[in-house]
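Undergrad: Please read through the structure below; I'll follow up with questions.
The values are calculated or read from the model by the stated rules, or taken from the named source; none is laboratory data. Bear in mind that the values here come from a model prediction, so they are computed numbers and not experimental data. Here Cβ is always computed from backbone atoms with ideal geometry, including for glycine, and neighbour counts include all displayed protein chains.
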Amino acid sequence: MDEHRAEPRGLLERLDEGPVICAEGFLFELERRCYLQAGTFVPEVVLEHPEALAQFHRELVRAGSDVVVAFTYYGHREKLRLIGKEELLEPLNRDALRIAHGVADEVEGERPLVAGNLANSNRYAPGDASAAAEVRAMFEEQAGWALEEDADLLIGETFYHAGEARIALEVMRATGLPTVVTLALPAQGTLLDGVTAEDACRQLEADGADVVGLNCFRGPATTLPVLARIREAVDGHVAALPVPYRTTEQHPTFFGLPDPGCDVVPDGRTFPLALEPLLCNRFEVEAFTREAHELGVGYLGLCCGAAPHFIRSMAETLGRTPPASRYAPDMSRHFAFGDDPSVDRPAEVAGRL
């Protein structure tokens with residue numbers, strides 16, 4: 001890193017000046033690229049194929065992401081225990097942060113922010129003091145490593161219990177770093193401990209979170225109505241990182257999305273291996289970005305299913321021209337559908353494809 005380079009603006013300064021884009025989606029994309037196992041979803045790619053992770057980070061930044069999120073989602077003690085590799089916990093977390101810093105330092109101009117990441121433990125249970133203590137200890141070690149590795153902010157995400165989100169926030173705030181806490185809203189319409197998303201966000205803001213909102217589980221169509229309620233409930237910055245899938249009122253999360261056009265998926269369950277036909281297109285992502293921003297949501301991104309072309313669409317919708325816009329679509333010179341005068345199209349082609 002250039003020691004003479006100006007320090008980047010912090011998260012809150014950027015949000016006060018305009019929207020911030022935070023691209024995620026590592027689990028699904030790296031599984032599709034065959035660097036991560038679906039099911040356990042442990043980010044061993046950090047240690048085994050760091051170059052693949054770094055490349056995906058680069059693609060997201062090039063497409064317009066303002067934040068490089070260290071891939072420590074599901075890099076907590078419970079997940080490493082599940083695969084019998086707890087000894088890899090600290091090196092995985094530290095290396096993920098160093099990889100993120102390395103990519104951020106490659107960027108010309110203002111450096112993207114580097115975020116440490118905490119996530120749902122899958123161990124928390126309401127009213128279980130022992131489980132709460134276990135979860136807190138897991139969060140404390142991850143947050144501590146993020147602080148030591150010079151993260152610019154901490155993200156706590158995909159919490160489907162309000163109580164677990166509050167534990168994560170308390171741990172994150174103890175580091176002194178800016179905090180983003182996002183909830184994953186189950187199909188029942190409340191978090192699993194019975195709290196609404198808007199009430200949970202109101203409480204998290206009162207507890208000191210800098211940014212609150214939603215991520216994962218729900219696609220744009222079933223995220224937007226909840227975002228509106230959250231925006232009404234809180235005074236500060238709001239985050240929205242849906243999954244880019246066509247969830248509906250009948251199927252509000254991607255866990256239960258059906259695909260009537262396919263009858264070969266085992267058990268008929270499309271999650272997580274057969275969701276491709278149910279992806280949003282880039283125009284739907286653009287529409288979501290516009291609508292969410294008009295609601296007053298300033299921290300925007302995508303979760304599982306995110307890809308660079310989606311992030312570029314978000315950035316361009318917000319009026320930006322990221323490096324990846326060099327290759328933005330231009331159908332005017334397409335051989336069959338273009339209308340540019342330079343297109344020399346044989347008459348027998350027009351309208352016949």
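Undergrad: Restricting attention to the stretch 319-335, which residues are of a type outside the set (Ser, Thr, Tyr), in contact with a helix residue (DSSP H, G or I) (Cβ under 8 Å, 6 or more places away or on another chain) and either in a helix (DSSP H, G or I) or without any contact (Cβ under 8 Å) to a residue 40 or more places away in the chain (or both)?
TA: Pro323, Ala324, Ala328, listed by residue number.
Undergrad: What are the residue pairs meeting all of these: first residue in the stretch 166-179, first residue within 13 Å of Val212 (Cα to Cα) and among the hydroxyl-bearing types (Ser, Thr, Tyr), second residue assigned to a helix (DSSP H, G or I) and modelled with pLDDT of 95 or more, Cβ atoms under 7 Å, and 6 or more apart or on different chains?
TA: Short answer, once both residue conditions are applied: Thr179/Leu169; Thr179/Met172; Thr179/Arg173.
Undergrad: Now, a different point. Suppose we filter Glu249, Glu294, Glu286 for residues that are under 18 Å from the mean Cα position of the chain (by Cα) and among the acidic types (Asp, Glu); which single one remains?
TA: The match here is Glu286.
Undergrad: Need the failing condition index for Gly338 against (1) surrounded by 14 or more Cβ atoms within 10 Å (Cβ to Cβ); (2) in a loop (DSSP other than H, G, I, E, B); (3) at pLDDT 95 or above, just the number.
TA: (3)
Undergrad: State all residues of the stretch 174-189 that are in a loop (DSSP other than H, G, I, E, B) and either touching a strand residue (DSSP E or B) at 6+ places or on another chain (Cβ under 9 Å) or within 16 Å of Glu157 (Cα to Cα) (or both); if no residue qualifies, say none.
TA: Residues satisfying the conditions are Thr175, Leu177, Pro178, Ala184, Leu185, Pro186.
Undergrad: I'd like the residue in the stretch 259-282 that is part of a helix (DSSP H, G or I), touching a residue at least 12 places away in the same chain (Cβ under 8 Å) and more than 17 Å from the chain's Cα centre (by Cα) and, out of all such residues, is surrounded by the most Cβ atoms within 10 Å (Cβ to Cβ).
TA: Ranking the candidates gives Leu278 first.
Undergrad: Given Arg58, Arg94, Arg32, which one is among the basic types (Lys, Arg), farther than 29 Å from Val297 by Cα and within 17 Å of the chain's Cα centre (by Cα)?
TA: None of the others qualify; the one that does is Arg32.
Undergrad: Another question about this same structure. Can you name the residue in the stretch 211-233 that is over 17 Å from the mean Cα position of the chain (by Cα) and surrounded by 21 or more Cβ atoms within 10 Å (Cβ to Cβ) and, of all such residues, is farthest from Pro186 (Cα to Cα)?
TA: It comes out as Ile230.
Undergrad: Do we have any residue at all in the stretch 69-90 that's in contact with a strand residue (DSSP E or B) (Cβ under 7 Å, 6 or more places away or on another chain), assigned to a helix (DSSP H, G or I) and either closer than 30 Å to Ala328 by Cα or modelled with pLDDT of 95 or more (or both)?
TA: Within the stretch 69-90, not a single residue is in contact with a strand residue (DSSP E or B) (Cβ under 7 Å, 6 or more places away or on another chain), assigned to a helix (DSSP H, G or I) and either closer than 30 Å to Ala328 by Cα or modelled with pLDDT of 95 or more (or both).
To keep it simple, each residue is scored yes or no on (1) assigned to a loop (DSSP other than H, G, I, E, B); (2) surrounded by fewer than 19 Cβ atoms within 10 Å (Cβ to Cβ); (3) in contact with a Lys or Arg (Cβ under 6 Å, 6 or more places away or on another chain).
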| site | (1), (2), (3) |
| --- | --- |
| Ser121 | yes, no, no |
| Ala131 | no, yes, yes |
| Ala137 | no, yes, no |
| Leu147 | no, yes, no |
| Glu164 | no, no, no |
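Undergrad: Hey, among Glu284, Glu316, which residue is of a type in the set (Asp, Glu) and within 24 Å of Thr158 (Cα to Cα)?
TA: Only one candidate qualifies: Glu284.
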